[in-house]
């Protein structure tokens with residue numbers, strides 16, 4: 001499966017890089033790079049639970065949103081500690097021992113072959129937790145199909161309805177078409193949400209939408225489209241946590257979401273009959289952005 005890295009088309013950018021010799025458009029080569037592995041309490045309640053989601057933050061990203069709050073690690077030259085698949089498997093097992101409710105893979109599309117190998121190794125050593133695939137929504141169907149049987153919960157974004165905004169802020173006019181197809185495949189794999197006796201999600205898809213300043217009409221179109229396509233088979237997380245920093249080149253994004261903007265979106269959400277999650281205003285803070293310093297990866301080096 002690592003042969004997929006020699007002419008890499010794991011993401012919709014399909015840059016074709018030989019990642020055994022160089023880095024792809026996303027910034028990744030054939031070695032996993034990650035920036036943090038820890039119990040994370042800031043996901044949706046049925047994922048974080050009481051003890052936290054066992055979250056692995058992978059470095060680099062194929063999308064490159066101008067407002068990315070994880071830009072320290074998501075850019076082509078972003079920070080990351082190299083790991084082998086064996087070391088990643090040990091990371092998963094360590095998180096399980098710490099009491100994680102699940103293993104949460106954040107922005108891992110460009111490492112899917114290695115992640116599959118790591119999950120296989122971890123499961124052979126006793127890993128039994130549900131696996132969450134935490135995604136921008138900009139995914140190849142072929143790559144997602146490789147994950148069938150390995151991922152229990154999908155956590156994709158649905159960022160934009162408008163191709164104009166998708167192009168302006170994430171450099172991809174086809175974002176909506178790609179994301180809708182990807183979410184459809186994710187839901188095909190997981191089916192409707194399933195919970196355990198403690199209210200933790202064990203299987204299913206939660207679609208996230210992060211509101212951006214001035215894009216209330218786009219948010220409304222996203223919510224309506226979700227309701228039409230997925231309203232009865234997926235949960236929705238309407239997020240207001242956008243926190244601007246270093247946005248001098250994008251002055252229209254250099255503010256937070258207002259209470260009125262969020263309340264209006266919540267009212268539409270409810271009127272559409274969607275089920276899922278809202279966020280409190282306390283989520284708007286740089287303090288909710290993790291420290292990407294390699295924490296949790298040191299003990300798993302071979």
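Every number in this text was worked out from the coordinates using simple rules, so none of it is lab data. It should be emphasised that the depicted structure is a prediction, and the values quoted were computed from it without experimental measurement. Counting neighbours? That spans all protein chains shown, and the Cβs are built from the backbone with ideal geometry, glycine included.
For the range 29-297, what is the relative contact order in percent, using Cα pairs closer than 8 Å and at least 6 residues apart in sequence? Walk me through the intermediate numbers first.
Values: 531 pairs, mean separation 49.2, N = 269.
Over the range 29-297, the number comes to 18 percent.
To make sure I understand, if each residue's beta carbon is the centre and we count other beta carbons within 10 Å, what order do 295, 79 fall in, fewest to most? It would help to have the intermediate numbers written out before the result.
On the way: 295 14, 79 17.
Exposure proxy ranking, most exposed first: 295, 79.
Going by the alpha-carbon gyration tensor, a ≥ b ≥ c the square roots of its eigenvalues, is the range 117-198 rounded (a/c under 1.5) or, if a/c is not under 1.5, prolate (a/b greater than b/c) versus oblate?
Values: a/c = 2.66, a/b = 2.01, b/c = 1.32.
It comes out prolate by the Cα gyration axes.
Taking every DSSP beta bridge that has both residues in the chain, what percent is antiparallel when rounded to the nearest 5? Mind showing how you got there, number by number?
Values: 11 of 33 bridges.
Rounded to the nearest five, the antiparallel share is 35 percent.
Given axes a ≥ b ≥ c from the Cα gyration tensor, I'd like to know whether the range 1-107 is rounded (a/c under 1.5), prolate (a/b larger than b/c) or oblate. Let's see the in-between values first.
Values: a/c = 2.35, a/b = 1.61, b/c = 1.45.
Note, shape of the range 1-107 comes out prolate.
Counting only Cα, what are the radius of gyration and maximum Cα-Cα distance Dmax of the range 171-284, in Å?
For the range 171-284, the Cα-based Rg and Dmax read 15.2, 48 Å.
Report the per residue volume, in Å³, of the convex hull enclosing the C-alpha atoms of the range 51-92. Don't skip to the end; give the middle numbers.
Numbers: hull volume 4.1 nm³, N = 42.
Dividing the Cα hull volume of the range 51-92 by its residues yields 97 Å³.
At a 10 Å Cβ-Cβ cut-off, how would you order 239, 247, fewest neighbours first?
Values: 239 18, 247 15.
Result, fewest neighbours first: 247, 239.
Quick one: helix 216-230 against the long Cα principal axis of the chain, what's the angle to the nearest 10°, folded into 0 to 90?
Taking Cα atoms only, the helix is inclined about 60 degrees.
Can you compute the helix-only [θ] at 222 nm over the chain? Use -39500 (n - 2.57) per DSSP H run of at least 4 residues, normalise by all residues, nearest 500 deg cm²/dmol.
Values: 9 runs with 92 residues, N = 302.
Computed ellipticity for the chain at 222 nm equals -9000 deg cm²/dmol.
Which of (1) 1.01; (2) 0.97; (3) 0.94 is the computed Rg/Rh (Cα atoms, Kirkwood Rh) for the structure on display?
Given (1) 1.01; (2) 0.97; (3) 0.94, the structure-derived one carries the label (3).
Relative to the first principal axis of the alpha-carbon coordinates of the chain, what is the inclination of helix 175-190, with its axis defined by its Cα atoms, in degrees from 0 to 90 and to the nearest 10?
60 degrees
Which angle from 0 to 90°, rounded to the nearest 10, does the C-alpha axis of helix 259-271 make with the longest principal axis of the chain?
Taking Cα atoms only, the helix is inclined about 90 degrees.
Would you work out the relative contact order for the range 84-123, in percent, from Cα pairs under 8 angstrom that are 6 or more residues apart? Working shown, then result.
On the way: 22 pairs, mean separation 25.5, N = 40.
Reported as a whole number, the value is 64 percent.
Among 278, 230, rank each residue by its count of other Cβ atoms within 10 Å, from fewest to most, as a rough exposure measure.
Numbers: 278 16, 230 20.
Fewest to most other Cβ atoms nearby, the residues stand as 278, 230.
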